[in-house]
Every structure is written in structure tokens, then in C-alpha cells.
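One structure is given below, encoded as C-alpha cells.
Please treat every number below as a calculation from the coordinates, not as lab data. Just so it is clear, the model here is predicted, and its values are computed rather than measured. Glycine also receives a Cβ, built like all others from the backbone with ideal geometry; neighbour counts cover every protein chain displayed.
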Amino acid sequence: MFRDKVVVVTGGAGGIGKCICDEFANAGANVCVIDIKDNPYFVGDIGNEETLRRFAERVIEEHGRVDVLVNNAPPAMHGLDSCTWEQFQQALNVGVTAPFYLSKLFTPYFAPGASIINISSSRDRMSQPQTESYTAAKGGIAALTHALAVSLAGKVRVNSISPGWIDTDYAVYDGPDAVQQPAGRVGNPLDIANMVLFLCSEKAGFITGENICIDGGQTKLMIYHNDWGWQYQP
């Protein structure tokens with residue numbers, strides 16, 4: 001299905017991004033990675049405009065087109081009490097501006113049937129204290145998804161995925177960590193990669209502009225004081 005397709009993945013050197021890259025490679029795709037961590041294709045900071053331009057130019061020079069763009073690289077998490085102006089701006093650069101700009105740079109080169117997948121987070125709809133930079137960026141990319149889907153209508157399908165708790169080391173949890181989640185377990189990167197490949201396939205040809213939350217049902221679980229032994233202690 002993806003043999004010889006050109007797949008671009010940001011933040012593909014580890015975690016969820018690496019799993020996505022591996023699954024596309026296993027399916028026969030040519031995978032182009034950009035990450036600040038060491039990787040075989042392109043090392044660079046996607047928060048920098050010139051870096052994005054050089055990366056996009058290399059992809060197009062080598063392949064001439066893009067079939068899939070996965071905007072996966074995560075922004076840094078800084079909170080209200082300590083986050084600086086520069087840290088907040090960098091989080092937005094990585095989490096929102098770079099996905100927008102790569103989509104713009106590749107727009108003339110997207111192949112017929114192309115897809116963009118944006119990796120958001122369940123934090124785009126819920127929060128813990130002191131997570132403002134990360135949460136704002138994830139909310140931004142979720143909204144960017146439907147805007148791009150409309151602007152690229154008929155040319156590129158654009159969807160986003162909001163992972164919940166994903167253990168990138170594939171650890172298996174038991175006890176409260178697992179059973180608190182309606183699915184009964186903590187997620188792993190394959191839970192996300194499988195959805196990415198599905199959304200990029202012809203089977204998902206009528207899906208665009210959507211955000212799909214993959215969190216084991218955690219964001220659907222209502223919790224109030226004294227429910228299930230939980231007590232609010234401010």
C-alpha cells in the first residue's frame with residue numbers, strides 16, 4: 001500500500017515518531033526524518049525557518065514529491081510559574097509554526113491522494129498544572145488541522161491524532177495505572193502508528209479535518225470527589 005511512497009516525519013528519531021517511521025518503512029515507503037536527535041536522514045531544529053527550508057529542499061530534490069507528512073515533533077513543556085517568553089515562543093514554533101510551514105513548503109509537491117497527519121495530544125482538551133507551553137501548542141495544532149483540511153480540500157486530506165498516556169518503552173503496567181483507563185492498559189507507540197497508517201490509506205479516503213483521540217478512553221471517564229476512592233485534596 002505504501003511501497004515507494006515518500007513519507008516525511010518530524011521528530012522521527014525516537015518514541016512515537018520512530019515507531020511511525022518503522023511501520024512506514026516496513027510497508028515499503030521511503031521515509032525522510034528530521035529531528036534534533038541523531039538520525040540517518042536530517043538532523044536539525046524544526047523551530048528554525050531556514051532549517052525547514054533546507055530540509056524541504058532536500059526532500060524535493062531527492063524525491064520530487066511528498067505522499068505523507070507526519071508532524072510529530074513535540075514542543076517543550078514549560079509552566080506558568082517559570083516559562084519565559086522565549087521558551088513559550090519556541091514551543092509554538094516547534095508545535096504549530098513548523099507543521100504549518102512544512103505544509104506550506106510541500107503544498108506544490110503533494111502527490112495525488114496525499115495526507116498530512118498532525119500529532120496533537122489529549123492535552124488539547126484537558127490539562128495538568130504548569131503545562132502551558134506544551135498544551136497551547138497541542139491545542140494549536142489540533143485547530144490547524146481543520147484549517148488546513150479546508151484550505152487543501154481536494155488535494156490533501158489532513159487529520160490529527162491526540163494520544164493519551166503512551167509509554168514509548170513499551171512497558172506493561174498493572175494496578176491503578178492500567179485499570180484507571182477504560183481500555184484497561186497504558187498505550188504504546190503502535191497504538192498511534194497503526195492509526196497513522198490507516199488515516200493515510202485509501203480506507204480512510206472520506207476522513208479529513210478530524211481529530212481522533214487515542215487515550216484508552218481516559219478523557220471520557222468522569223471523576224468527582226469520592227468517586228472510586230478518589231478524593232480532591234487542594
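Numbers below:
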| item | result |
| --- | --- |
| Options ASN30, ASN72, ASN48; residue that is surrounded by fewer than 22 Cβ atoms within 10 Å (Cβ to Cβ), within 25 Å of GLY113 (Cα to Cα) and either in contact with a Cys (Cβ under 6 Å, 6 or more places away or on another chain) or among the polar types (S, T, N, Q) (or both) | ASN30 |
| Test: ASP4 is farther than 30 Å from GLY205 by Cα, of a type outside the set (Ser, Thr, Tyr) and not in a helix (DSSP H, G or I) | no |
| Given (1) in contact with a Leu (Cβ under 8 Å, 6 or more places away or on another chain); (2) assigned to a loop (DSSP other than H, G, I, E, B); (3) loosely packed, with under 15 Cβ neighbours inside 10 Å, number of the condition ARG53 does not satisfy | (2) |
| The listed residue being in a loop (DSSP other than H, G, I, E, B) and among the acidic types (Asp, Glu), out of ASP67, ASP38, ASP22 | ASP38 |
| Options TYR232, TYR173, TYR224; residue that is touching an Asp or Glu at 6+ places or on another chain (Cβ under 8 Å), in a loop (DSSP other than H, G, I, E, B) and more than 30 Å from ASN30 (Cβ to Cβ) | TYR173 |
| Candidate set: the range 81-116, residues that are among the aliphatic types (A, V, I, L, M) and outside any helix (DSSP H, G or I); chosen: the one farthest from the chain's Cα centre (by Cα) | ALA111 |
| Unmet requirement for PRO176, which otherwise passes all of (1) within 19 Å of ILE214 (Cβ to Cβ); (2) surrounded by fewer than 20 Cβ atoms within 10 Å (Cβ to Cβ) | (1) |
| Among residues of the range 119-153, those that are farther than 26 Å from TRP85 by Cβ and out of contact with any Cys (no Cβ under 9 Å at 6 or more places or on another chain), counted | 8 |
| Any hit, the range 45-63, residues being of a type in the set (Gly, Ala, Ser) and in contact with a strand residue (DSSP E or B) (Cβ under 7 Å, 6 or more places away or on another chain) | no |
| Number of positions in the range 49-93 that are touching a helix residue (DSSP H, G or I) at 6+ places or on another chain (Cβ under 8 Å) and over 19 Å from ILE36 (Cβ atoms) | 8 |
